[in-house]
Amino acid sequence: MSAREQDALLLLRQSIVSSNPCIPTTTENASSTSSVDLSLATATFLQFSSPSQISIPLTTSTRFISSEKPVDLRSIYFAWLKREVAIPEYNASALALNAELAGEGGAGGEVQNLAFVERLDLITWLEGASEESEYIKPLASDTSSAAASAQVASGAGGGIVATTSGNAGQGKTIDPRLAEIYNGERCMGNRNSVLQGTKPTNFSHVRKLATPFNSRKSAHAANANVANNHSLALNPKAPIRRPDPIILLSPSASSLLRMSNIKSFLENGIYIPPDSSSSTSSSSASILHISRLLPSIDSTRPIRFIIVDTPEQFKPEYWSRVVAVFTTGQVWQFKSYKWQQPSDLFGHTLGVYVGWKGDQRPESVQSWGRRVLKTEVEKWTVGAGTASRWRDREVVEEIWKAVEENMMARGWRRDSGPMTA
């Protein structure tokens with residue numbers, strides 16, 4: 001069985017994408033129900049049924065790297081099981097599981113607590129939404145295949161070469177049928193033989209004629225290098241791909257838009273109360289993803305937005321990706337932000353206030369000026385249903401238009417993120 005077919009990360013991803021559950025077991029061959037143990041505290045193997053029947057020890061190190069060391073399969077599977085819980089609940093669950101592992105009857109070891117951005121990147125890759133991850137090392141077979149392809153493309157390596165057992169004492173043999181095919185090949189020449197021809201030709205006179213052109217070309221290349229070096233000094237770490245923009249919600253209980261109803265509002269243009277049974281998301285979710293096509297930035301691919309209600313797991317560079325902050329006018333919301341004063345915050349990103357139509361707006365929101373978009377939705381009527389919420393679409397389109405204009409002004413483009421924080 002190849003390394004790719006035994007790779008724990010690939011097996012877990014294939015099981016998730018194909019909706020074939022993997023089962024924690026206490027033995028490698030789970031032939032009886034007694035050996036199936038859904039508790040990660042006592043299980044020692046993870047059994048996969050797709051694409052083949054195989055059991056992998058939960059202590060197996062994977063290609064996912066955290067803090068410069070590989071993460072074991074138990075920690076990866078635990079992070080997937082807890083993908084929709086809030087960050088504090090994930091941390092508490094990890095501590096509880098480690099206590100059970102170390103206790104009597106536990107399997108031993110401990111699960112590694114992944115950081116916010118690592119969990120997000122891992123879950124995105126496992127779901128199949130991304131084909132690459134900066135935390136996952138490539139397979140050795142993929143690396144060697146890429147190197148071989150590059151060598152052939154550059155001309156450093158030819159096609160298939162027949163190697164016999166007597167070549168340099170390597171003891172490598174070739175199928176006789178392939179050897180017969182290779183012996184029947186006729187060499188048609190290569191690049192060098194075609195250019196050189198069958199008789200020597202003196203091109204020294206051409207070199208003299210080309211000297212003035214080469215000198216001008218060298219001077220132009222030197223000037224271009226100086227310009228490139230100057231631009232690299234201004235931006236030493238150019239983005240490899242466009243990052244996902246971030247939208248911050250207010251964690252206030254009085255906010256009309258929270259994690260439970262923001263997805264239906266921004267994607268479907270329908271307002272539903274956050275505590276309604278019709279809400280599309282769990283109120284305990286810590287991360288949400290929505291996609292929206294913004295034609296002025298990218299007219300062919302929808303842009304994926306990340307929605308959170310707290311920046312407690314932010315790295316410093318994440319703040320440049322914040323494109324909108326939903327607020328209720330309560331200043332305590334900004335205490336954990338990079339910019340704690342509303343004047344500073346809304347000088348760097350767009351503010352959005354959504355209130356009930358007909359209600360008086362908070363004085364604080366009024367005083368923050370035009371950098372805060374002030375919108376209103378019709379009050380919710382019990383029993384009216386979503387069919388009467390057709391005016392919500394106008395409010396949503398107004399918000400997306402403001403977000404798009406703000407992103408364009410800050411330098412978001414088809415293949416790059418903002419230019420400044």
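The values are calculated or read from the model by the stated rules, or taken from the named source; none is laboratory data. All values derive from a computational prediction rather than experimental measurement. With ideal geometry, Cβ positions are generated from the backbone for all residues, glycine too; neighbour counts draw on all protein chains shown. Heavy atoms of the whole protein, side chains included, go into the accessibility calculation; ligands, DNA and RNA do not. Shrake-Rupley method; radii C 1.70, N 1.55, O 1.52, S 1.80 Å.
A compact table of results
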{"read-out": "Accessible area of the range 85-136 belonging to carbon and sulfur atoms, whole % at 1.4 Å probe", "value": "50"}
{"read-out": "Dipole in debye (nearest 20) - the range 338-382, about Cα centre, beta carbon charges: Lys, Arg +1; Asp, Glu -1", "value": "120"}
{"read-out": "Sites residue 304 and residue 356, calculated FRET efficiency, Cβ-Cβ separation with R0 22 Å, nearest 0.05", "value": "0.15"}
{"read-out": "Nearest-0.05 FRET efficiency for residue 39 and residue 370, computed from C-beta distance (R0 60 Å)", "value": "0.60"}
{"read-out": "Prolate/oblate/rounded call for the range 329-421, Cα gyration tensor, a/c under 1.5 rounded", "value": "oblate"}
{"read-out": "Separation of the residue 415 and residue 363 label points, Cα + 7 Å toward Cβ, nm", "value": "5.3"}
{"read-out": "Signed unit charges on C-beta, dipole axis of the range 23-141, positive-most listed residue 112, 67, 42", "value": "42"}
{"read-out": "Per-pair calculated FRET efficiency, R0 = 25 Å: residue 117 and residue 85 via Cβ, rounded to 0.05", "value": "0.90"}
{"read-out": "Spin-label pair residue 267/residue 381, simplified geometry with 7 Å Cα→Cβ offset, distance in nm", "value": "2.8"}
{"read-out": "Label-point gap, in nm, between residue 6 and residue 331 - each point 7 angstrom along Cα→Cβ", "value": "6.3"}
